[in-house]
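Single-structure report; data block below.
The values are calculated or read from the model by the stated rules, or taken from the named source; none is laboratory data. Fair warning: this is a prediction, and the values are worked out from it, not measured in the lab. Here the Cβ is made from the backbone with ideal geometry for all residues, glycine too, and neighbour counts use every protein chain on show. We work out accessible area using only protein heavy atoms, side chains counted, and drop any ligands, DNA or RNA first. Shrake-Rupley method; radii C 1.70, N 1.55, O 1.52, S 1.80 Å.
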Amino acid sequence: MRIPVLIKRIMLQLLRDKRTMALLFFAPLIVLTLMYFFFNGDNENPQLGVVGGNSQLVAALENTSIDVISYNEADRQTIITDELDGLLEVDEGGFQITLENNDPSTSRVLLMQITQAAAMQSGTSAPASIDAEYIYGDAETEFFDVLGPILVGFFVFFFVFLISGIGLLKERVSGTLERLLATPIRRWEIVLAYLIGFGIFAIIQTVIVVFYSIQVLDMVMVGQVWHVIVVNLMLALVALSLGILLSTFASSEFQMVQFIPVVVVPQIFFAGIIPLEGMADWLQNISRIMPLYYAADALKAIMYRGEGLTDVTGNLLALATFAAVFIFLNIIALKRYRKL
């Protein structure tokens with residue numbers, strides 16, 4: 001008889017915890033729905049600029065599902081400006097293809113399609129010589145070289161978010177926060193102190209993750225290391241302020257962990273691991289409210305494309321805005337715990 005009593009107690013305890021019930025039944029549906037839209041999006045055809053190609057070659061390229069844009073003159077800058085996947089220049093000596101290589105898998109498919117189209121146009125099994133150049137990376141670049149910067153940002157965000165949230169939660173559960181709020185100290189001073197206190201360890205963690213990724217795992221690093229650290233520190237500040245904010249709505253470490261499927265997991269999908277270009281517009285708009293989207297874009301620009309901080313100013317401003325909003329909400333949220 002004792003086992004049924006224990007079972008009944010456990011079930012009643014879970015039923016009273018509405019947040020746990022929501023996590024159990026609704027969080028998987030939300031994540032599965034996101035995955036459905038991501039993996040069932042329309043794949044966009046690669047865009048190829050062509051200089052000097054005849055109508056037969058253009059038709060052959062279009063038959064291989066390539067969107068062709070004809071130019072009288074074009075160069076490497078045209079690829080970046082017009083957001084092309086590649087530029088094909090045709091002359092009597094053969095074919096010269098310059099690939100953006102922002103996505104190595106897309107570049108390999110595009111090169112294969114161009115080879116097939118050139119063979120069809122020439123009427124032979126093998127086309128004239130095709131010389132390939134790359135704006136970013138080279139022929140040996142793997143998908144992980146593009147994925148690496150995103151993962152660096154994600155792990156910084158995830159662990160800072162989790163540790164800061166649980167850290168403040170322990171302060172609140174133990175009564176330390178309530179005693180602090182009973183003193184004349186201001187709420188913004190408490191928030192600032194916690195941000196600096198946790199922030200020191202976030203800085204150390206960020207530096208360790210960045211240097212380990214670059215020096216030990218040999219991740220691609222074209223830009224400046226300190227630029228990467230700056231972006232990750234901005235992301236850590238966002239994660240820190242968000243973790244502290246959400247901890248005010250949790251009553252235990254378990255409830256803090258419950259925020260992960262709702263807050264952290266969706267950001268993985270919007271960080272660029274899965275291309276957003278073929279997704280619905282409303283889905284792309286959701287990515288704009290995800291801090292990790294801006295951090296991942298900045299890290300990829302610096303580590304893979306070799307850009308500088310001035311090139312990712314917009315992303316840094318977006319992260320600073322997120323941090324400012326979360327810090328402001330933290331100050332407001334602490335009001336609910338002030339008794340005097």
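Some values worked out for this structure:
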| item | result |
| --- | --- |
| Criterion violated by N315 - all others in (1) more than 14 Å from the chain's Cα centre (by Cα); (2) of a type in the set (S, T, N, Q); (3) at pLDDT 90 or above satisfied | (1) |
| Verdict on Q258 being among the polar types (S, T, N, Q) and in contact with a Phe, Trp or Tyr (Cβ under 9 Å, 6 or more places away or on another chain) | no |
| Residues within the stretch 51-77 that are among the hydroxyl-bearing types (S, T, Y) and open to solvent by 70 Å² or more (accessible area, probe 1.4 Å), tallied | 2 |
| The stretch 150-171 residues that are open to solvent by less than 30 Å² (accessible area, probe 1.4 Å) and at pLDDT below 85, paired with ones that are among the charged types (D, E, K, R) and in a helix (DSSP H, G or I) (beta carbon under 7 Å, 6 or more apart) | L169/E253 |
| For G306: the one exception among (1) assigned to a helix (DSSP H, G or I); (2) at positive phi | (1) |
| D218, sole failed condition from (1) assigned to a helix (DSSP H, G or I); (2) surrounded by fewer than 23 Cβ atoms within 10 Å (Cβ to Cβ) | (1) |
| Checking I196 against (1) part of a helix (DSSP H, G or I); (2) touching a residue at least 12 places away in the same chain (Cβ under 8 Å), the condition it does not meet | (2) |
| Exclusive hit being surrounded by 15 or more Cβ atoms within 10 Å (Cβ to Cβ), over 19 Å from the mean Cα position of the chain (by Cα) and β-branched (V, I, T), set T206, T248 | T248 |
| Of residues in the stretch 104-127 being farther than 18 Å from A59 by Cβ and at pLDDT below 80, the one surrounded by the fewest Cβ atoms within 10 Å (Cβ to Cβ) | S125 |
| Residues (touching a residue at least 12 places away in the same chain (Cβ under 8 Å), surrounded by fewer than 20 Cβ atoms within 10 Å (Cβ to Cβ) and out of contact with any Leu (no Cβ under 9 Å at 6 or more places or on another chain)) located in the stretch 255-285 | I274, P275, E277, G278, A280 |
| Pick from the stretch 52-92, criterion among the β-branched types (V, I, T) and in contact with a Ser or Thr (Cβ under 9 Å, 6 or more places away or on another chain), ranking: nearest to Y134 (Cα to Cα) | I79 |
| Among residues of the stretch 256-293, those that are out of contact with any Gly (no Cβ under 8 Å at 6 or more places or on another chain) and within 23 Å of A323 (Cα to Cα), counted | 22 |
| Any chance L299 is farther than 25 Å from E142 by Cα and at pLDDT 85 or above | no |
| Odd one out for A323, checked against (1) in contact (Cβ under 8 Å) with a residue 12 or more places away in the chain; (2) hydrophobic (A, V, I, L, M, F, W, C); (3) under 27 Å from L168 (Cβ atoms); (4) open to solvent by 40 Å² or more (accessible area, probe 1.4 Å) | (4) |
| Tally of residues being at pLDDT below 85 and outside any helix (DSSP H, G or I) across the stretch 224-252 | 5 |
